[in-house]
């Protein structure tokens, strides 16, 4: 038992650290802060391509803290992102990673997708990928 008796929060913090540590290892980055930033930015950008029902299904498989990052800044009445070009998708993420010295673009975004392939159910990953435009879907390796 925790000092505060809030095991669900402690467990979520622990899982969030596991996800960040796994991503940092996949990236080969020393900065966990930058790894978290990349995960947040990528998740939110993927989120903006999903319908509400799919977002709910994805979020149900995320640790509570990461679920919060996923929904951070979401405006439900805003139109879904309609970009079809993978370069625009990568560019939008890159524009928010300018502080991360270790960031390399496309390959690092693929590391986030590899993390999601490892942490989410295969069926959920397939559903998300099916929602994305073909050129963006091709960036995300099949589970």
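Of note:
- Placing a label point 7 Å from the Cα of residue 130 along the Cα-to-Cβ direction, the residues of region 59-92 with a backbone N closer than 18 Å are 59-61.
- Helix 106-119 axis, angle to the chain major axis (alpha carbon atoms, nearest 10°): 50
- Packing-based order for 92-104, 65-77, using average beta carbon neighbours within 10 Å, highest first: 92-104, 65-77
- Label positions at residue 54 and residue 33, each projected 7 Å from the Cα along the C-beta direction, are separated by 3.4 nm.
- The ranking of 27, 139 from fewest to most other beta carbons within 10 Å of each one's beta carbon is 139, 27.
- Computed extension length for residue 11-residue 142: 44.3 nm, one decimal, from 0.36 nm per residue of separation with the Cα-Cα distance subtracted.
- Radius of gyration, Dmax [the chain; alpha carbons; angstrom]: 15.1, 50
- Rounded to 10°, Cα long-axis angle of helix 32-47 versus longest principal axis of the chain: 50
Read-outs throughout are calculated quantities, based only on the coordinates presented, and are distinct from any laboratory measurement. Quick caveat: nothing in here was measured; it's all calculated off a predicted structure. Here the Cβ is made from the backbone with ideal geometry for all residues, glycine too, and neighbour counts use every protein chain on show.
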